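Here is the structure we will look at, set down as structure tokens.
The values are calculated or read from the model by the stated rules, or taken from the named source; none is laboratory data. Keep in mind that what you see is a predicted model, and the values were worked out from it rather than measured. Every residue, glycine among them, receives a Cβ derived from its backbone with ideal geometry; neighbour counts consider all protein chains shown.
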């Protein structure tokens with residue numbers, strides 16, 4: 001078993017990761033010792049939402065992550081849980097010693113043990129930017145009624161960006177007939193879903209207009225001190241707007257947990273969470289028979305060559321369904337404006353020290369005529385990054 005430190009510029013997206021994990025711009029000289037055998041892969045399994053809600057801490061701290069939009073629209077701030085706060089939760093939980101070991105390692109990932117999901121990676125920001133372009137003026141209306149899957153979600157920035165837009169659209173026009181929207185998130189590590197993914201989704205809901213009724217009846221986050229305009233006003237709490245651009249703390253009280261789940265049910269939003277290796281994934285286990293996902297997303301997941309076959313299988317099956325007979329028909333009708341599915345992969349051009357990258361991914365997709373790849377977003381400055389649209393045949 002080897003540990004890897006990705007040797008590239010990180011644009012200071014996660015200063016707390018540098019401080020906690022001790023990452024540097026040079027390859028780690030303090031990696032975990034080699035072992036002679038590869039650990040067994042975690043089996044693919046669902047983790048019920050109620051189980052994750054039960055595992056939430058009483059309180060979290062959060063900080064903003066900014067998304068600059070190529071469309072020219074105002075930048076978007078999303079609240080995300082602080083890594084150091086997740087670490088404190090692990091320290092307090094004796095049974096999670098293994099997870100604590102890898103949150104403190106100087107390596108960015110340990111294959112088949114910890115796959116880097118606690119950190120916000122640049123390409124997840126890129127993917128959110130491109131999703132904004134894809135949605136266009138429809139915004140959250142584009143998200144309504146879709147089945148969405150994010151593989152290797154980690155902090156889940158792309159999915160949270162979609163939910164951010166969806167929550168706003170639902171609050172803006174609550175009179176519309178409800179559509180069932182399914183958002184499924186997968187990460188190799190269950191601890192990532194517990195510590196980071198679900199807390200970030202709850203933060204997105206709390207910061208949205210959809211939670212206004214709850215916020216009007218609950219104390220504001222610790223980041224919102226009284227102002228001269230609200231001092232002495234008994235109704236001040238009800239008028240305070242949640243601000244994801246400001247760091248703060250939020251109590252995960254029983255009333256907040258209940259309000260969050262009730263809001264999801266009211267607006268027909270169905271969240272499901274999956275953990276474990278991709279080779280156990282089957283769309284028949286995650287959707288109704290004969291169904292497929294409308295939007296399939298993944299970012300920073302093509303860094304390891306030996307994982308590509310399983311990833312490609314999941315991407316193709318999630319986009320086209322478990323059967324092979326109608327894949328060509330679906331691919332023929334694909335467009336950015338509509339069509340049967342959109343499959344997007346965001347990645348660095350090359351992952352130094354690991355071996356994977358865009359060229360290898362494109363070659364793997366095209367082998368045997370399984371699909372084609374189109375670059376729809378690109379950054380060439382510094383370490384090259386791309387968002388690719390995959391069409392399956």
Identity of the residue in the stretch 361-386, assigned to a loop (DSSP other than H, G, I, E, B) and closer than 18 Å to residue 301 by Cα, that ends up modelled with the highest pLDDT | 384
When residues of the stretch 237-257 are limited to those that are without any contact (Cβ under 8 Å) to a residue 12 or more places away in the chain and in contact with a helix residue (DSSP H, G or I) (Cβ under 9 Å, 6 or more places away or on another chain), the one nearest to residue 172 (Cα to Cα) = 241
Within the stretch 257-276, how many residues are surrounded by 18 or more Cβ atoms within 10 Å (Cβ to Cβ), out of contact with any strand residue (DSSP E or B) (no Cβ under 8 Å at 6 or more places or on another chain) and farther than 22 Å from residue 146 by Cβ?
-> 1
Residue 285 being at pLDDT below 95, assigned to a loop (DSSP other than H, G, I, E, B) and in contact with a strand residue (DSSP E or B) (Cβ under 9 Å, 6 or more places away or on another chain) | no
Could you check residue 300 against (1) buried (at least 17 other Cβ atoms within 10 Å of the Cβ); (2) touching a strand residue (DSSP E or B) at 6+ places or on another chain (Cβ under 6 Å) and say which number it fails?
-> (2)
Of residues in the stretch 288-306 being modelled with pLDDT under 90 and more than 16 Å from residue 388 (Cβ to Cβ), the one nearest to the chain's Cα centre (by Cα) | 304
